[in-house]
Amino acid sequence: MRLRNWIAVVVSVLLLAAAGVIGFLVNRSALRAADTVHREDSSTLGTNNGTLTGQLQVNSAAELSEIVATHALHLGRDSAADRAILAAAAAKSTTFQYGLLTTDMNGDLLTASRKSGLPSADDAGWVPMEAQLAEGQAGFSNVMVVDGVALAAVAVPITVDDSVIGYLIGLNQVAKTSLQTYAVRLSSKTHTTVVADAAGVVGAASDRALIGTRVDAALRSHLDIEGVQFVEYRAGGTDMIAVVYGGLPSGWSYFRIQTKSSFDGVVAARSQTLNLTLLAMLLIGVAGISVLGYRTQVTRRRADERFQALFQHAPDLVSVLDGRGRIIFSSPSAFSVLGYKTGALTGHSVFDLIHPEDEPEMRERLSRLLDDPSGVVRLRCRTRSAAGEYRWFEFTASNQMHNPALAGVVINARDVSESMAFQERLSHEAQHDPLTGLPNRRRMQDALGTSLKDAPVAVLFVDLDGFKPVNDAYGHEVGDELLRQVSDRLTACVRDTDVLSRVGGDEFVILMPGVLSEKDAHTMSGRIRYVLELPFRIGGQEILIGASIGVHLAPAAENPDAALRAADHAMYAIKHAGGSRKSGANGGGRVGRHRASD
C-alpha cells in the first residue's frame, strides 16, 4: 500500500513538473509575441509623430517663402525699406516673431528687423543650414544661444529669374514655437518627448527644462540615421529605451524616451508574476502530493484554508448589523476593500461610514427592511474608507433577524467605483467626437445656450473647402487624419475660454463667449483661414485645403438655435460665392448679425 502511494506521488510530481514547464514555455512565447506587437505599434507612433514634427518645420520654411513671394526686398545693406518689411512680417508671424534678416550669397548680414540679440556669424549652429542652402533646399540651423535665449534659424533663398541673389532668414525662440507646443501636447507620465538638432541639442521637449541641453551620448550616435530605431542604453543606473526617428528634412531628430520597465509595461510584469505563480503552484503541488497518505486530513484542512482565503480576500465586504444599525460582524476583507483592520468596525454604527448625502436614504431603507422578515434591499451609496475617501458601493441587505445563527441584517457590499467611473466615461464619450476628441454638436449647443444667457457670443461656422476631393482621391483614412490635423491647428488658434467643436463631417463651430466685436471676429477668422491654408502632409502627400467661415455676432439672450443657423447661413453664402480662396482677403469670414429664415 505504501509503495502504491509513493508511485502515485512520483507520477503526480512528474506530471505537475511537465505542466509547469509547458506553462513557462507558453508564457515566454506569449511575452515575445506581445513585445513584437508593442514594438510595431511604438514604431508606427514614432513615425507619425516624427513626420508631423518634420512637417511643422517644413511649414515654417513655407511661411518664409510666402514672405519672399509677397514682398519686394531690395537686399541693400542696412536698408530702411527692407527693415520695415522685415519688422512688419515678424510682427505678423506666428513662428518668427523673434526676428527676420536678409543676407547676401556669402551669408553676410544685410538688414535685420532687430538691432541686437542676433547669433554671431561664426556660431557653429549656422553650419548645417549653410550646407542645406548650398544644396538648393530650405536651410535649418542647430540651436544657438544668444544672451541666454535658445534660438533656431530657418532660411530660404531669394531668387530673381531663377537665380539666387540672397537669403531670407527667420529666427524663432525655440521655447515658444509650434513645435514646442506640439511636444508639450505629447507629454506623458511614462515618457519624455524630445526634438534635438543635428548636434544633439534639445530644441523642443515635453519638459521645458530640457531645452538647450544635450541628449544622452548613446542617442547622439543615431542622429544621422533615417527612419525609426529603438535604442536601449543606461542612464543614471536605469535601463532606458528611446524610439528615435531621424532623417527629418531639417536634419533634426525626434525622440520618445522612457524607462525600459515602463516600455515593457504590464505585460512583462504579469509574465513575471505568472512565472512565480507557476513555480509556487509547482512547489505547493509537490508538498501536497508528498503527504498523500494523509488525504482525508489534508483535504479537509485545505478545504478549510480555501474557504478562509476566499473569505479573507473576496472582493465583496460582508457585514452583519443589529436592529440599530451597529456592526456586530465584519469580514476580514474590510481591510483589503476599505483599509480597516479586522475587528476595527465592530460596535460602530454603519451610518458613521455612509456619506452624509446618502445617509437619510440608507436609514429609511433599513427601517423598512426591519419591518419585512423576508425582505431584501438593494441600493448604491458612498462609503468612507480608512483613508477618508468615499467610494461607491452596491449594497444588498437581507433581513436575517429570525435566523438564530445570524440574528441581524446581513449586508453584502461590492465596490462599484470603477463601474460608476465607466458610466461617467460613457457620458463623456456621448458628448465628444470620437475621431478628433473635440466636443460634438450636443455639447456645443449646451455651451452656446449657457453662454447666451448672460453674455454675447461670436459664433464661427467653419466648413472645409476641398475636403471631399481629398477623400475621393486618397481615401477615408487620409481624410480622417486630415480632420485630426485640422482639429489640432484649430485648437492652437482658439482662446482658453473658447469652445471648439466638430458638428459634422468637415464642419467645425467655434464659440467665443464675450465677443461682440467685428474686429475680433475678423482676426480669429483670418487666423483660422491662414493655418488651414498651410500645406498638410499625410502619408507622403502634400494636401492643400481652405475654409469658408461664417460668423454671427449673437447678443446675450438670443435663441441658441437661431444664432447657430445664422452663422451656418453666413458660411453657405461664402461657400456659394466660391469659398475662401475665391472670396478675397475677407472671403473666409463674413461677419454680421445674420438671421436664419424659418
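The values are calculated or read from the model by the stated rules, or taken from the named source; none is laboratory data. Please read all numbers here as calculations on a predicted model, not as lab measurements. With ideal geometry, Cβ positions are generated from the backbone for all residues, glycine too; neighbour counts draw on all protein chains shown. For accessibility, only protein heavy atoms count, side chains too; no ligands or nucleic acids. Shrake-Rupley method; radii C 1.70, N 1.55, O 1.52, S 1.80 Å.
Residues in the range 85-95 that are in contact with a Leu (Cβ under 7 Å, 6 or more places away or on another chain) and open to solvent by 60 Å² or more (accessible area, probe 1.4 Å): 0 in all. Applying the set (1) in contact with a helix residue (DSSP H, G or I) (Cβ under 9 Å, 6 or more places away or on another chain); (2) outside any loop (DSSP other than H, G, I, E, B); (3) crowded, with 20+ Cβ neighbours inside 10 Å to Ala198 leaves exactly one unmet item: (2).
Checked against the criteria, Ala413 counts as farther than 23 Å from Arg527 by Cα and either in contact with a Ser or Thr (Cβ under 7 Å, 6 or more places away or on another chain) or buried (at least 20 other Cβ atoms within 10 Å of the Cβ) (or both).
The selection criterion, being open to solvent by 30 Å² or more (accessible area, probe 1.4 Å), within 22 Å of Gln57 (Cα to Cα), in contact (Cβ under 8 Å) with a residue 60 or more places away in the chain and not in a helix (DSSP H, G or I), holds for Arg537.
Go through the range 540-581 residue by residue and tally those that are out of contact with any helix residue (DSSP H, G or I) (no Cβ under 8 Å at 6 or more places or on another chain) and in a loop (DSSP other than H, G, I, E, B). Result for the range 540-581: 9. Residues in the range 349-368 that are hydroxyl-bearing (Ser, Thr, Tyr) and surrounded by fewer than 12 Cβ atoms within 10 Å (Cβ to Cβ): Ser367 alone.
Can you spot a residue in the range 378-398 that is modelled with pLDDT of 80 or more and in contact with a Pro (Cβ under 9 Å, 6 or more places away or on another chain)? Within the range 378-398 (the criterion being modelled with pLDDT of 80 or more and in contact with a Pro (Cβ under 9 Å, 6 or more places away or on another chain)), the answer is no, since none of the residues qualifies. Scanning the range 542-566 for residues that are under 16 Å from Ala447 (Cα atoms) and under 31 Å from the mean Cα position of the chain (by Cα) gives a single hit, Leu564. Only one entry of Leu310, Leu345 meets the criterion of being within 22 Å of Asn399 (Cα to Cα) and either part of a helix (DSSP H, G or I) or modelled with pLDDT of 70 or more (or both), and that entry is Leu345. Look at the range 38-50: where a residue is over 16 Å from Phe255 (Cβ atoms), no partner that is assigned to a helix (DSSP H, G or I) and at pLDDT 90 or above sits 6+ places away or on another chain with Cβ atoms under 9 Å. So, in the range 369-405, of the ones that are more than 25 Å from Ala344 (Cα to Cα) and of a type in the set (Val, Ile, Thr), which residue ends up surrounded by the most Cβ atoms within 10 Å (Cβ to Cβ)? Ranking the qualifying residues of the range 369-405, first place goes to Val377. Looking at Arg32, Arg39, which is the one that is within 21 Å of Leu276 (Cβ to Cβ) and under 28 Å from the mean Cα position of the chain (by Cα)? Only one candidate qualifies: Arg32. Within the range 363-398, the set of residues being closer than 23 Å to Glu418 by Cα and touching a Leu at 6+ places or on another chain (Cβ under 7 Å) comprises Val377, Thr383, Arg384, Ser385, Ala386, Phe395, Ala397. Looking only at residues of the range 201-218 that are surrounded by 21 or more Cβ atoms within 10 Å (Cβ to Cβ) and among the aliphatic types (A, V, I, L, M), we find that the one that is nearest to the chain's Cα centre (by Cα) is Ala205. When you scan the range 315-333, do you find a residue that is assigned to a helix (DSSP H, G or I), touching a residue at least 40 places away in the same chain (Cβ under 8 Å) and over 15 Å from Arg414 (Cβ atoms), even just one? No, the range 315-333 contains no residue that is assigned to a helix (DSSP H, G or I), touching a residue at least 40 places away in the same chain (Cβ under 8 Å) and over 15 Å from Arg414 (Cβ atoms). The set of residues in the range 65-84 being in contact with a helix residue (DSSP H, G or I) (Cβ under 8 Å, 6 or more places away or on another chain) and open to solvent by less than 40 Å² (accessible area, probe 1.4 Å) consists of Ile67, Leu73, Leu75, Gly76.
Is it the case, given these coordinates, that Leu516 is assigned to a strand (DSSP E or B), over 17 Å from Arg502 (Cα atoms) and more than 26 Å from the chain's Cα centre (by Cα)? When the stated conditions are applied, Leu516 does not pass them. The criterion of being outside any strand (DSSP E or B), within 25 Å of the chain's Cα centre (by Cα) and of a type in the set (D, E, K, R) holds for Asp488. Scanning the range 435-461 for residues that are of a type in the set (A, V, I, L, M, F, W, C) and over 19 Å from Ala570 (Cα atoms) gives Leu435, Leu438, Ala447, Leu452, Ala455.
Only one of the numbered conditions (1) surrounded by fewer than 16 Cβ atoms within 10 Å (Cβ to Cβ); (2) under 42 Å from the mean Cα position of the chain (by Cα); (3) hydroxyl-bearing (Ser, Thr, Tyr); (4) over 12 Å from Leu317 (Cα atoms) is violated by Thr346, and that is (2).
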